[in-house]
Amino acid sequence: MNLHTALDRQLVNLESTGQAGLATALDGPRRLTCELADLNALAVSLHRLELATTELATADAARLERIGQSLAARLTYLMEPIRPIEIDAVACTVQLRSNPPQRDDDGRTYYELLVRRGGSISLTRFRKQNQNVRQQVTATITREVLLRLVADLESALD
């Protein structure tokens with residue numbers, strides 16, 4: 001069973017209890033963790049999505065950069081396009097963000113995706129209000145988009 005199928009089953013189970021929480025799915029060396037703030041039949045609000053895998057345990061910066069580029073090309077259906085903004089060859093981390101971010105009179109909101117050696121790809125949404133420090137906020141997406149996102153994270157590793 002792949003991760004998006006396993007996650008879909010977890011979402012159905014969580015919805016039947018009427019409670020959000022932690023949804024996890026396993027497939028071989030891959031472990032998906034989705035921290036949910038809320039869910040219903042159509043959508044989820046998530047704090048964080050992370051795919052952990054030993055497949056990236058010894059990845060070099062070039063491989064992580066290729067994964068980041070692949071994700072930027074695939075994740076065109078989110079609220080804003082995601083682009084690589086920093087590649088840290090020493091720490092072997094690729095940082096991608098919404099480019100451009102969603103803007104309003106009070107600040108901006110954006111996705112941040114990190115691809116790290118050691119084994120993780122994580123997605124979080126942030127809000128940076130004018131004159132304040134950025135804060136993590138929930139990302140509300142349809143369940144269909146969430147499952148597509150998980151499938152794209154998996155595909156980027158292949």
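The values are calculated or read from the model by the stated rules, or taken from the named source; none is laboratory data. Every value quoted in this text rests on a predicted model; they were computed, and no experiment measured them. Cβ: placed from backbone, ideal geometry, glycine included. Neighbour counts: every protein chain shown.
Specify the residue that is surrounded by the most Cβ atoms within 10 Å (Cβ to Cβ); the eligible residues are those in the stretch 60-113 that are among the small types (Gly, Ala, Ser) and part of a strand (DSSP E or B). Give the steps one after another, and end with the answer.
Just the residues of the stretch 60-113 that are among the small types (Gly, Ala, Ser), to begin with: 61-62, 68, 70, 72-73, 89, 91, 98, 107.
Next, only the ones that are part of a strand (DSSP E or B) stay: 98, 107.
Numbers: 98: 22, 107: 16.
The selected residue is 98.
Within the stretch 27-67, being under 12 Å from the mean Cα position of the chain (by Cα), in contact (Cβ under 8 Å) with a residue 40 or more places away in the chain and closer than 19 Å to residue 152 by Cβ holds for 32, 34, 46, 48, 49, 50, 51, 52.
Looking only at the stretch 45-78, which residues are small (Gly, Ala, Ser) and over 27 Å from residue 15 (Cβ atoms)? Before you say what the answer is, go through the steps one by one.
First, pick out the residues of the stretch 45-78 that are small (Gly, Ala, Ser): 45, 52, 57, 59, 61-62, 68, 70, 72-73.
57, 59, 61, 62, 68, 70, 72, 73 - these are the residues of the stretch 45-78 that are small (Gly, Ala, Ser) and over 27 Å from residue 15 (Cβ atoms).
Step by step: first the residues of the stretch 1-27, then only those that are more than 16 Å from residue 41 (Cα to Cα), among the aliphatic types (A, V, I, L, M) and not in a helix (DSSP H, G or I), then the one that is modelled with the lowest pLDDT. Which residue is that? Residue satisfying both the conditions and the ranking: 1. The set of residues from the stretch 120-141 being more than 16 Å from residue 46 (Cβ to Cβ) and either among the basic types (Lys, Arg) or crowded, with 19+ Cβ neighbours inside 10 Å (or both) comprises 128, 134.
Among the residues of the stretch 31-59 satisfying the criterion of being β-branched (Val, Ile, Thr) and part of a strand (DSSP E or B), which is surrounded by the most Cβ atoms within 10 Å (Cβ to Cβ)? Lay out the reasoning, then the answer.
Keep residues of the stretch 31-59 that are β-branched (Val, Ile, Thr), which gives 33, 44, 53-54, 58.
Within this subset, residues satisfying the condition of being part of a strand (DSSP E or B) are 33, 44, 53.
Working: 33: 16, 44: 25, 53: 20.
Only one residue tops the list, namely 44.
Working only within the stretch 95-116, note down all residues that are touching a residue at least 12 places away in the same chain (Cβ under 8 Å) and more than 22 Å from residue 35 (Cα to Cα). Scanning the stretch 95-116 gives 99, 100, 101, 102, 106, 107, 108.
Scanning the stretch 91-107 for residues that are modelled with pLDDT under 95 and not polar (S, T, N, Q) turns up 91, 92, 100, 101, 103, 104, 105, 106, 107.
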